[in-house]
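Encoded as structure tokens, the structure appears first; notes follow it.
Here, each number is a calculation from the coordinates, and none is a lab measurement. Quick caveat, the model's predicted, so the values are computed rather than measured. Backbone-built Cβ (ideal geometry, glycine too); neighbour counts: all protein chains shown.
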Amino acid sequence: MNTLLRIAIQKSGRLQEGSLSLLQESGLLFSNGKDQLKTQARNFPVEILFLRDDDIPQYVEDKVADIGIVGENVFTEKQKQNTIVKRLDFARCRLSMAIPRSETYTGLSWFNGKNIATSYPNIVTAFLKKNNLTAGLHEISGSVEIAPGIGLADAICDVVSTGSTLLSNGLKEVEVVMNSEAVIIGSANLEAAKQQILDKLLFRIEAVQKAKNNKYILMNCPNEAIEKITSIIPGMKSPTIIPLGKPGWSSLHSVVDENDFWEKIDQLKSFGAQGILVIPIEKMIL
Ligand code: ATP
Ligand code: ZN
């Protein structure tokens, strides 16, 4: 039988959509039925397992799955024999300490002697130790935010993205314990055939990530401006320059980084560029 790389992703929840899109944008074709527990890609040697995110680090350690996509928070909490293979830049959130809004927060020492409810006992224990704090831990697996309101704990440590859940439970965020994003985790020492498949997949993922961070840009510009424009948007090697029918003008094509996009546009206009078009890039291979 041909070797398959087994990838574990979350069956349903906040990581699911991003994980599926990542694999699909990398060109993998597979069916994704609602009750399906595993599926095989039709055009790439991978098998996809749909699991609870909390179980994924263990499956990877046990080599039931070769790699998995989880939040960095879960990777850190589980303390399994896994390594981060790639950061994925989605499902960004933070793990934070929150306390009732009515409390006056006096700094980290506030936590001394308090009880903290969390689904992340290892991370909280390490945080307390690092800050020389002594507090009780109450491990619960869900709906952590209601713990202070029902008298189960004085504070919580949980995942936050906008803070609206905290607010609606009368809590306020007082300390960020860690920042998190989705990551690919793997076990060390994959067999060579699987490593080869993984390298191929990572190459595709990188092409997708680079494309997301860049835009294809084309514009008309007076020939005198070409040099200045090239200095601010050099593109992948150098811009493509095509003469226009109108003498003294060219069409210039290049690639621009999403992050300083608006600043570059302003500069281009000041150099005399006109008719600027900006187009998304689907894949980008340097
Ligand atoms: P499961 O049923 O698989 O155990 P879950 O309830 O533990 O799911 P989710 O709420 O789906 O998990 O969150 C999965 C991961 O997504 C979290 O571990 C975290 O990394 C990330 N995450 C959680 N909440 C948010 C959020 N509000 N915004 C962005 N990412 C988030
Ligand atoms: Zn979970």
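Observations, loosely collected:
- Hits among lysines - C-alpha to C-alpha of K38 under 19 Å, sequence gap 8 or more where chains match: K11, K63, K194
- Put a plus charge on the Cβ of each Lys and Arg, a minus charge on the Cβ of each Asp and Glu, and nothing anywhere else: the dipole of the stretch 67-217 about its Cα centre is then about 560 debye.
- For chymotrypsin sites (Phe, Trp or Tyr not before Pro), no site in the stretch 1-70 is both called loop by DSSP and has at most 16 other Cβ atoms within 10 Å.
- Relative contact order %, the chain, counting alpha carbon pairs below 8 Å whose residues are six or more apart: 19
- Anisotropy class of the chain from Cα gyration tensor, a/c 1.5 cut: oblate
- Once C-alpha pairs closer than 8 Å and six or more residues apart are averaged by separation and normalised to the residue number of the stretch 93-180, the relative contact order reads 49 percent.
- 17 Å cut-off, amide nitrogen to a point 7 angstrom out along S238 Cα→Cβ, residues in the stretch 246-286: 250-255
- If you plug the beta carbon distance of T134 and D89 into 1/(1 + (r/R0)^6) with R0 = 41 Å, you get a FRET efficiency near 0.65.
- Annotation: the stretch 214-280 has a Kirkwood hydrodynamic radius of 11.6 angstrom, from the mean reciprocal C-alpha pair distance.
- Projecting the Cα atoms of G235, L268, S250 onto the dipole axis of the stretch 214-280, where Lys and Arg carry +1 and Asp and Glu carry -1 at the beta carbon, places S250 farthest toward the positive end.
- Relative to the Cα centre, the charge distribution of the chain, modelled as +1 at Lys and Arg Cβ and -1 at Asp and Glu Cβ, gives a dipole magnitude of about 500 debye.
- Computed over the chain with a Gaussian network model linking Cα atoms closer than 10 Å, the most mobile of I184, I99, I276 is I276.
- Averaging the Cα positions of each part gives two centres, and for the stretch 191-262 and the stretch 67-113 these lie 36 Å apart.
- Farthest positive-ward along the stretch 93-180 dipole, Cα basis, beta-carbon charges - from G170, V124, S102: V124
- Across the alpha-carbon set of the stretch 93-180, the Rg to Rh ratio works out to 0.91, Rh being the Kirkwood radius.
- Helix 121-130 axis, angle to the chain major axis (alpha carbon atoms, nearest 10°): 90
- Under the convention that each Lys and Arg Cβ holds +1 and each Asp and Glu Cβ holds -1, the size of the dipole of the stretch 93-180 around its Cα centre is about 180 debye.
- Every Cα-Cα pair of the stretch 1-85 was included, and the share exceeding 23 Å stands at 17 percent.
- Think of the chain as having a plus end and a minus end, set by charges on the Cβ of Lys, Arg, Asp and Glu; of G142, F75, P222, P222 sits farthest toward the positive end of this dipole.
- Largest mean-square fluctuation among I116, I48, I226, in a Gaussian network model of the chain whose springs join Cα atoms under 10 Å apart, belongs to I226.
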